[in-house]
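Report on the following structure.
The values are calculated or read from the model by the stated rules, or taken from the named source; none is laboratory data. Treat the numbers as computed from the prediction; the structure is a model and nothing was measured. We place every Cβ from the backbone using ideal geometry, glycine too, and count neighbours over all the protein chains shown.
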């Protein structure tokens with residue numbers, strides 16, 4: 001199955017899509033550092049990227065996709081600065097809003113399905129009307145914005161079409177977008193992102209978001225009821241952090257959860273020497289160097305070892321805040337290295353990043369966790385396979 005990857009960034013979403021069995025024939029990204037990252041990993045033969053085409057270093061607005069009609073999948077993370085909690089919250093008034101371009105590519109290529117990802121901030125009540133506007137545009141991409149109307153007027157016209165039950169033209173079954181917490185799918189990071197997934201209506205696909213496979217309750221059971229977690233990490237009893245609220249929460253769980261435990265920061269960093277405590281050993285790992293200057297302050301206390309990490313942030317001008325720190329059991333903190341951050345985003349260890357530390361942290365802070373992308377894309381592929389098999393039988 002063929003795919004188009006828009007707003008590719010450092011390649012997190014695209015890697016997960018490739019692992020799900022899709023082959024990208026177009027990879028588009030305007031940022032040169034991200035393109036350099038993709039180009040180098042492609043040249044190195046990194047898993048999942050070696051068969052990618054050369055990325056097109058261009059603004060999506062300058063490209064036409066008319067010749068790719070009938071593609072299987074379109075994916076991407078339209079730039080999210082207009083919606084992020086750290087941005088200016090201008091939404092539809094922000095020239096960086098690339099949702100209209102995502103809809104245009106769907107209109108031009110008429111894919112069997114699409115997957116678009118964005119920050120949780122998009123679901124804020126402030127953006128509720130625009131959120132529904134995005135949903136309606138993706139549902140009816142052929143009802144285009146007119147030069148003589150406002151976006152609210154366009155939304156009203158889309159809403160009227162939606163309620164009229166007319167079925168002519170290109171349309172998609174778009175499940176109500178859902179915020180997914182990456183930790184609930186095995187990613188060692190509490191990272192909430194909203195996903196828009198749609199299937200072309202004529203395929204008749206009935207789809208729902210993949211079920212959650214991991215949980216906090218299962219981790220608490222593993223840590224404070226069974227103790228398997230500490231034994232697995234060979235942590236002596238005297239060094240096991242007894243977090244009182246967590247212990248009380250664990251005691252309230254009466255039956256062992258059927259889900260798997262959340263993956264923790266300690267789980268993610270297995271095999272990586274601490275670059276501050278063992279700098280010589282850390283030198284043997286690519287992009288695993290200590291970055292000085294970390295400090296803890298109110299609201300920025302870093303990620304504890306024995307929980308999933310806090311959400312990695314791209315930061316202001318690429319300089320991350322306290323969320324991108326590790327907090328040890330003794331309360332001391334340091335910044336995560338690039339390699340540790342890549343582990344938290346579930347990139348493979350052979351994947352390298354171009355640019356300075358702040359630049360690579362920006363790429364990682366904006367990325368989709370590879371494993372989360374793989375879960376969503378695998379489910380989409382499975383349903384497309386069923387639809388194709390049914391069409392073949394018909």
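Only one residue in 24, 55 is touching a helix residue (DSSP H, G or I) at 6+ places or on another chain (Cβ under 8 Å) and within 16 Å of residue 116 (Cβ to Cβ). Which one?
Exactly one of 24, 55 is touching a helix residue (DSSP H, G or I) at 6+ places or on another chain (Cβ under 8 Å) and within 16 Å of residue 116 (Cβ to Cβ), namely 24.
So that you can scan it fast, the table gives a plain yes or no per residue for (1) closer than 30 Å to residue 103 by Cα; (2) surrounded by fewer than 20 Cβ atoms within 10 Å (Cβ to Cβ); (3) in contact with a strand residue (DSSP E or B) (Cβ under 9 Å, 6 or more places away or on another chain):
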position: 190; (1), (2), (3): yes, yes, yes
position: 221; (1), (2), (3): no, no, yes
position: 226; (1), (2), (3): no, yes, no
position: 235; (1), (2), (3): no, yes, no
position: 246; (1), (2), (3): no, yes, no
position: 254; (1), (2), (3): no, yes, no
position: 284; (1), (2), (3): no, yes, no
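Can you tell me which of 208, 215 is under 23 Å from residue 120 (Cβ atoms) and exposed (fewer than 13 other Cβ atoms within 10 Å of the Cβ)?
Sole residue among the options that is under 23 Å from residue 120 (Cβ atoms) and exposed (fewer than 13 other Cβ atoms within 10 Å of the Cβ): 208.
Test of understanding: among 343, 339, 362, 334, which residue is under 26 Å from residue 220 (Cβ atoms) and either at pLDDT below 95 or crowded, with 21+ Cβ neighbours inside 10 Å (or both)?
343
I'm trying to understand the selection: among the residues of the range 220-239, which are closer than 21 Å to residue 255 by Cβ and touching a residue at least 60 places away in the same chain (Cβ under 8 Å)?
Selection gives 223, 229.
How about the range 154-180: which of its residues are surrounded by 20 or more Cβ atoms within 10 Å (Cβ to Cβ) and not in a helix (DSSP H, G or I)?
Scanning the range 154-180 gives 171, 172, 174, 177, 180.
Is the range 6-29 home to any residue that is surrounded by fewer than 16 Cβ atoms within 10 Å (Cβ to Cβ) and in a helix (DSSP H, G or I)?
No, that holds for no residue.
Among 230, 221, which is more than 27 Å from residue 334 (Cα to Cα) and part of a helix (DSSP H, G or I)?
Sole residue among the options that is more than 27 Å from residue 334 (Cα to Cα) and part of a helix (DSSP H, G or I): 221.
If I go through the range 206-218 residue by residue, how many of them are in contact with a strand residue (DSSP E or B) (Cβ under 6 Å, 6 or more places away or on another chain) and assigned to a strand (DSSP E or B)?
Summing the residues that are in contact with a strand residue (DSSP E or B) (Cβ under 6 Å, 6 or more places away or on another chain) and assigned to a strand (DSSP E or B) in the range 206-218 gives 1.
Just to be sure, is residue 312 at pLDDT 90 or above, farther than 28 Å from residue 225 by Cβ and crowded, with 17+ Cβ neighbours inside 10 Å?
For residue 312, the condition - at pLDDT 90 or above, farther than 28 Å from residue 225 by Cβ and crowded, with 17+ Cβ neighbours inside 10 Å - is met.
Filter the range 64-86 down to the residues that are out of contact with any strand residue (DSSP E or B) (no Cβ under 6 Å at 6 or more places or on another chain) and not in a loop (DSSP other than H, G, I, E, B), then identify the one that is modelled with the highest pLDDT.
Result: 68.
Based on what the data block shows, is residue 326 at pLDDT 90 or above and part of a strand (DSSP E or B)?
So residue 326 passes the test.
In the range 269-282, which residues are assigned to a loop (DSSP other than H, G, I, E, B) and exposed (fewer than 13 other Cβ atoms within 10 Å of the Cβ)?
270, 271, 277, 278, listed by residue number.
Can you name every residue in the range 42-54 that is part of a helix (DSSP H, G or I) and either within 25 Å of residue 101 (Cβ to Cβ) or not assigned by TED's automatic domain parsing to the domain that holds residue 383 (or both)?
Result: 42, single match.
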